[in-house]
Amino acid sequence: MVIDRLSGMIRKQNTCYSCHDYLKSDISFLTEKDINVEGLRRQICEWSFSVVDYFNFERELVSVSLSYLDRYLSKSHRWRDTIRVQLAAVTSLYLAIKLYGIRKVSLSLFVKLSKGRFSMDHILAMEGVILEDLSWKVHPPTTLSFVNHFLVVLNSESEISAMKHRVNEISRFLTELSAMEYAFVSLKPSSIALACILNAMDKLRVSKQAVRSFTEKILERVLLDTGDEEVKECQEMLNILYSSSFSSGSDPFEIACDQISDQGSSRGDITPVSVAQIYT
């Protein structure tokens, strides 16, 4: 069952849910001068996390909304300004919450979050445009969904199974780091997920024998090579992001686990900032 689901997810990521490097292919992406598009996207991601945290939604919703946003931006050539990028970001998150959220969030609330910058008509119109451009492909296989499925394979490894919770914690943290960075947009979610798990096992000092057994089973069952260059590239970038996320002298692994373990208790404590504050 798990293998069948993974096979379907791999087909999806390689076809209708793939995304190319739209900044590289379109250097005139924005007409505004001195705009750091990667920085803008990172701020949009941070804003999205603040919104889902405030409403106590699963953080995976951010990856879903970014899939909408990135695929839309990679296909749209009708506009070239920051305001419309913000509108697309707000609409993408609204759509993700509407489809995947455990409860409804009114459209009027997103209007309030924009502090009047966008009306209901603006968001609804953009929703229609995004859905059309994405051909209604709104169920992307996320990096975290791949991690969760790959971890089922880990259950058969007694050494790793005993520390599965910690592998899951650090892997989840790494998926969120990858969501923040534009460099991962054109890379396959399965490659990023494998890199997250391999890096987590490395931090946990899992034996080489257990890691080898896991990688062999992944290759045998779903035909994914953990030694692939794309997986290695993801591992290197994640290691850099992981180390740079913490102050010098601290233990990044322990801090990451503490942050994720305490995440639930901290949700909803602050009001998410307005989208109008993003890159203004």
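Summarising the label geometry, the points placed 7 Å from Cα in the beta-carbon direction at Gln209 and Ile102 lie 4.1 nm from one another.
A crude spin-label estimate for the pair Glu233 and Glu220, with each label 7 Å from Cα along the Cβ direction, gives 3.0 nm. If you take the Cα centroid of the stretch 182-210 and the Cα centroid of the stretch 136-156, the two points sit 13 Å apart. Here the contact order of the stretch 143-245, divided by its residue count and restricted to Cα pairs under 8 Å and six or more residues apart, works out to 34 percent.
In order along the stretch 164-175, phi translates into HN-Hα couplings of 4, 4, 6, 4, 5, 4, 6, 5, 4, 4, 5, 4 Hz, rounded to whole numbers, per the Karplus curve 6.51 cos²θ - 1.76 cosθ + 1.60 with θ = phi - 60° and x for Gly and Pro. D by Stokes-Einstein for the stretch 79-200, Kirkwood Rh over Cα pairs, 4 °C, 1.567 mPa s: 78 µm²/s.
By the rule of a C-alpha distance below 22 Å, with chain neighbours fewer than 8 residues away ignored, the lysines paired with Lys98 are Lys12, Lys112, Lys115, Lys137. Of Cys196, Cys45, Cys234, the sequence from fewest to most neighbouring Cβ atoms within 10 angstrom is Cys45, Cys234, Cys196. Among Met120, Met180, the ranking by other beta carbons within 10 Å of each residue's beta carbon, starting with the fewest, stands as Met120, Met180. When Asp4, Asp202 are arranged by Cβ crowding within 10 Å, least crowded first, meaning fewest neighbours, the order is Asp4, Asp202. Only lysines eight or more places from Lys24 in sequence, or on another chain, were considered; those with a Cα closer than 18 Å are Lys33, Lys75, Lys188.
Where a number appears in this text, it was derived from the coordinates with a stated rule and is not lab data. Since the structure is predicted, the reported quantities are computational estimates derived from the model, not experimental observations. So basically every Cβ, Gly included, is an ideal-geometry build from the backbone, and we count neighbours across all protein chains shown.
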